[in-house]
Amino acid sequence: MKIFTTKKSLAGHLEPFRRDGKKIGFVPTMGALHQGHLSLLARGQQLSDEVVCSIFVNPTQFNDPKDLEKYPRPIAADIEKLEQAGCDVLFSPEVNEMYAGNEQWHLDIGEPEQLLEGKFRPGHYQGVTQVVYKLFDIVKPDLAFFGQKDYQQFLVIQKMVELLHLPVELVMCPILRQTDGLAMSSRNIHLSAADRQHALVLSKTLNWLKQKFDPGKIASLRRQCEAMISAEPGVRLEYFEIADGDNLHNADRHTKKIVALVAAQVGNTRLIDNVIISD
Ligand code: PAF
């Protein structure tokens, strides 16, 4: 695997592929890689000729400096995982390679970034679109791969691509789960053994909802899900929504594409999860 830390060296490497009409796939990450990330890479390898993975812990998307500080950065282990998975290129820039200084701009793509996560993490998706815009500009991928785990992030980036007419196709890859149902996340390493047990209430509740789903009973099902999660010790629910999968508005009996999304604080760790109920 080739490793680049500067925009210029990466662009130089990718130029001949682009010239020869090869498809460039891109998997942006913040590292602390797990099977979920590697599944994005595998999808990228199926659909592209050259796959670039980036590892960059983007400071502008953290609204809590402590969260940024404690974000895991196991770069040597990540490189090994990417090597083993046959990744072609790793781009792992330092902060000053990505940001010129105190950059004051951001993209404002409106409603999709203000709902759900946007209420609890104001400015988070502006940091995400800022860095993803920069990364797309450097890599110029044909295809970019994101996990369903941050469903709202996918919609926000999709909207950015649409509004700015960016020439990239986004591919959403399914959530990968541990055998007990816990959604894979770089943040899971912060969970104590007890937290980890309590965290299972999120996937269990989403699963329960999927089994029981009845479009005529959305409001009462949502209340039952909220109650199930709130009853779990050590878990503080932030939101549980049953939403339209295209715009995250509250779903009703006529909504075709439905997704249920949850965010909760488990011990000191904030977790998100979701399930697609109908597509
Ligand atoms: O999903 C993530 O890991 C990050 O939000 C992303 C897309 C790499 C941007 O920093």
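The values are calculated or read from the model by the stated rules, or taken from the named source; none is laboratory data. Everything numeric in this text was worked out from a predicted model, so none of it was measured. Virtual Cβ from ideal backbone geometry, glycine too; neighbours counted across all protein chains shown. Protein only, heavy atoms only, side chains kept; ligands, DNA and RNA dropped before computing areas. Shrake-Rupley method; radii C 1.70, N 1.55, O 1.52, S 1.80 Å.
Counting only DSSP beta bridges whose two residues both lie in the chain, roughly 50 percent are antiparallel. Across all C-alpha atoms in segment 153-279, the radius of gyration and Dmax reach 15.5, 47 Å. Apply the a/c threshold of 1.5 to the C-alpha gyration tensor of segment 178-249 and tell me whether it is rounded, prolate or oblate. Prolate shape, in that a/c is at least 1.5 and a/b is the bigger ratio.
A simple spin-label model places pseudo-atoms 7 Å from Cα toward Cβ; at residue 102 and residue 6 they are separated by 2.8 nm.
In the chain, excluding the sites themselves, the longest stretch lacking any of the trypsin sites (Lys or Arg not before Pro) that are in a DSSP loop with at most 15 other Cβ atoms within 10 Å is 23-252.
Here each label is just a point 7 Å from Cα along the line to Cβ, and for residue 214 and residue 236 those points are 3.5 nm apart. Set the Cα radius of gyration of segment 238-279 against 2.2 N^0.38 Å, with N its number of residues, and you get 1.26.
Accessible surface area normalised per residue over the chain is 48 Å², counting heavy atoms of protein chains with a 1.4 Å rolling probe. Under the shape rule built on the C-alpha gyration tensor, where the axes satisfy a ≥ b ≥ c, segment 206-279 is prolate, since a/c reaches at least 1.5 and a/b is greater than b/c. Between segment 14-34 and segment 137-159, the C-alpha centres lie 13 angstrom from each other.
Pairwise Cα distances in segment 59-115 exceed 20 Å in 51 percent of cases. Across the chain, the longest run free of exposed loop sites, meaning GluC sites (Glu not before Pro) lying outside DSSP classes H, G, I, E and B with no more than 13 other Cβ atoms within 10 Å, spans 104-279.
Note on residue 66 and residue 47: the model spin-label points, each 7 Å out from Cα along the C-beta direction, lie 3.9 nm apart. Once you order the gyration tensor axes a ≥ b ≥ c over the Cα atoms, which shape class does segment 58-203 get: rounded for a/c under 1.5, otherwise prolate or oblate by comparing a/b with b/c? Because its axes are fairly even, with a/c under 1.5, segment 58-203 counts as rounded.
Segment 207-270 and segment 69-128 have their alpha-carbon centroids 27 Å apart. In order along segment 244-257, the Karplus-derived 3J(HN,Hα) couplings, from 6.51 cos²θ - 1.76 cosθ + 1.60 at θ = phi - 60°, round to 6, x, 8, 9, 6, 6, 4, 6, 10, 4, 9, 5, 8, 9 Hz, and Gly and Pro are given as x.
Counting every C-alpha pair in the chain, the share spaced more than 29 angstrom apart comes to 34%.
Using the rule -39500 (n - 2.57) for each DSSP H run of four or more residues, divided by the residues of the chain, the 222 nm mean residue ellipticity is -12000 deg cm²/dmol. Per-atom-type breakdown for the chain gives carbon and sulfur 50% of the accessible area (1.4 Å probe, protein chains only). The HN-Hα couplings worked out from phi for segment 27-35 by the Karplus form 6.51 cos²θ - 1.76 cosθ + 1.60 (θ = phi - 60°) are 10, x, 9, 10, x, 6, 5, 9, 4 Hz, whole numbers, x standing for Gly and Pro. Pairs of alpha carbons in segment 1-128 separated by more than 25 Å make up 35% of all such pairs.
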